[in-house]
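Take a look at the structure below.
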Amino acid sequence: MSPSVRKFLLFAIAGGAGFIVDTGVLYALKGSLGLYGARVVSFVCAVATTWIINRSVAFRAQQSDVPMWREFLHYLAAMILGGGVNYAVYAALVATVPLVAAQPVLGVAAGVLAGMFVNFFLADKLVFRSRPSA
């Protein structure tokens, strides 16, 4: 298996963990924040989860030379584009498909899939890009 494919598969596994966190937080907060507000919070929690896993596993060989808190902010910023795609798909499905409004996990899944490739590219090329050897 090529290193790129391996890295993508590990990224996808981290995404699976993020999906579980995303869905759990969404369901925990949807009663108080609504389906849209709860999704914003759940997305940030999922980003934090995937950052921890990705920096430790998928992109371990591409360690950043910036402080961890700054790396997380770079990761969060990079995930906003993929997150925008993710949220747009989720919101469109919740607004137009009654089954998704009743079972928002379906919208979360569709959004995650839509944003995954954008997020992988941004994480690999912007956040955890390989550093030149000194």
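Just to verify a result, which residue in segment 21-40, among those that are among the β-branched types (Val, Ile, Thr) and modelled with pLDDT of 95 or more, is nearest to residue 122 (Cα to Cα)?
Filtering segment 21-40 for residues that are among the β-branched types (Val, Ile, Thr) and modelled with pLDDT of 95 or more, the one nearest to residue 122 (Cα to Cα) comes out as 21.
Among the candidates 78, 102, 91, which residue alone is buried (at least 17 other Cβ atoms within 10 Å of the Cβ) and of a type in the set (Gly, Ala, Ser)?
Exactly one residue qualifies, and that residue is 78.
Under 8 Å by Cβ, and 6 or more places apart or on different chains, what pairs join a residue from segment 43-56 that is closer than 20 Å to residue 30 by Cα with one that is of a type in the set (S, T, N, Q) and surrounded by 17 or more Cβ atoms within 10 Å (Cβ to Cβ)?
If the second residue must be of a type in the set (S, T, N, Q) and surrounded by 17 or more Cβ atoms within 10 Å (Cβ to Cβ), the pairs left are 43/86.
Do the conditions hold for residue 24, that is, is it on the phi > 0 side of the Ramachandran plot and assigned to a helix (DSSP H, G or I)?
no
When residues of segment 73-109 are filtered for being farther than 15 Å from residue 30 by Cβ and of a type in the set (S, T, N, Q), how many remain?
Total satisfying the criteria: 2.
Would you be able to tell me the number of residues in segment 94-117 that are in a helix (DSSP H, G or I) and either touching a Ser or Thr at 6+ places or on another chain (Cβ under 9 Å) or of a type in the set (Val, Ile, Thr) (or both)?
7
For segment 118-130, give me the residue count where each residue is assigned to a helix (DSSP H, G or I), hydrophobic (A, V, I, L, M, F, W, C) and in contact (Cβ under 8 Å) with a residue 40 or more places away in the chain.
Residues in segment 118-130 being assigned to a helix (DSSP H, G or I), hydrophobic (A, V, I, L, M, F, W, C) and in contact (Cβ under 8 Å) with a residue 40 or more places away in the chain: 5 in total.
Can you name the residue in segment 59-75 that is surrounded by 16 or more Cβ atoms within 10 Å (Cβ to Cβ) and part of a helix (DSSP H, G or I) and is also farthest from the chain's Cα centre (by Cα) among such residues?
62
Yes or no: residue 55 in a helix (DSSP H, G or I), basic (Lys, Arg) and either at pLDDT below 90 or open to solvent by less than 80 Å² (accessible area, probe 1.4 Å) (or both)?
Yes.
The values are calculated or read from the model by the stated rules, or taken from the named source; none is laboratory data. As the structure is a prediction and not an experimental result, all values here were calculated from the model. All Cβ positions, glycine included, derive from the backbone under ideal geometry; neighbour counts span all protein chains shown. Heavy atoms of the whole protein, side chains included, go into the accessibility calculation; ligands, DNA and RNA do not. Shrake-Rupley method; radii C 1.70, N 1.55, O 1.52, S 1.80 Å.
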